[in-house]
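See below for the structure under consideration.
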Amino acid sequence: EGWDGESGFITTEILERHLEEDCFESCYIFFLCGPLPMIYAVEGALHRLGIPPQRVFSEKYEMA
């Protein structure tokens, strides 16, 4: 209640709204940690934005 920020899945559109424009051409490194569905979705969104896979590091785990 009272939250006015983003909610739901992290999508390409959400990343575009919140990441600085130059992060796509610069040497930003992206670190992801979370459950597998989230990691796969964010990795896919970053890939669609043109972020090279060598700049994305993921710690994947499964919820018990």
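The values are calculated or read from the model by the stated rules, or taken from the named source; none is laboratory data. In this text the structure is predicted, and so the values were computed from the model without any measurement. Note: ideal-geometry Cβ built from the backbone for every residue, glycine included; neighbour counts use all protein chains shown. SASA here: full protein model, heavy atoms, side chains in, ligands and nucleic acids out. Shrake-Rupley method; radii C 1.70, N 1.55, O 1.52, S 1.80 Å.
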TODO: Would you confirm whether any residue within the stretch 16-31 is open to solvent by less than 50 Å² (accessible area, probe 1.4 Å), in contact with a strand residue (DSSP E or B) (Cβ under 8 Å, 6 or more places away or on another chain), at pLDDT 90 or above and not in a loop (DSSP other than H, G, I, E, B)?
DONE: yes
Open item on the list: For the stretch 32-58, give me the residue count where each residue is part of a helix (DSSP H, G or I) and closer than 21 Å to Gly5 by Cα.
Closed with: 6
- [ ] Report, by residue number, each residue of the stretch 1-15 that is at negative phi and open to solvent by less than 80 Å² (accessible area, probe 1.4 Å).
- [x] Gly5, Glu6, Ile10, Thr11, Thr12, Ile14, Leu15
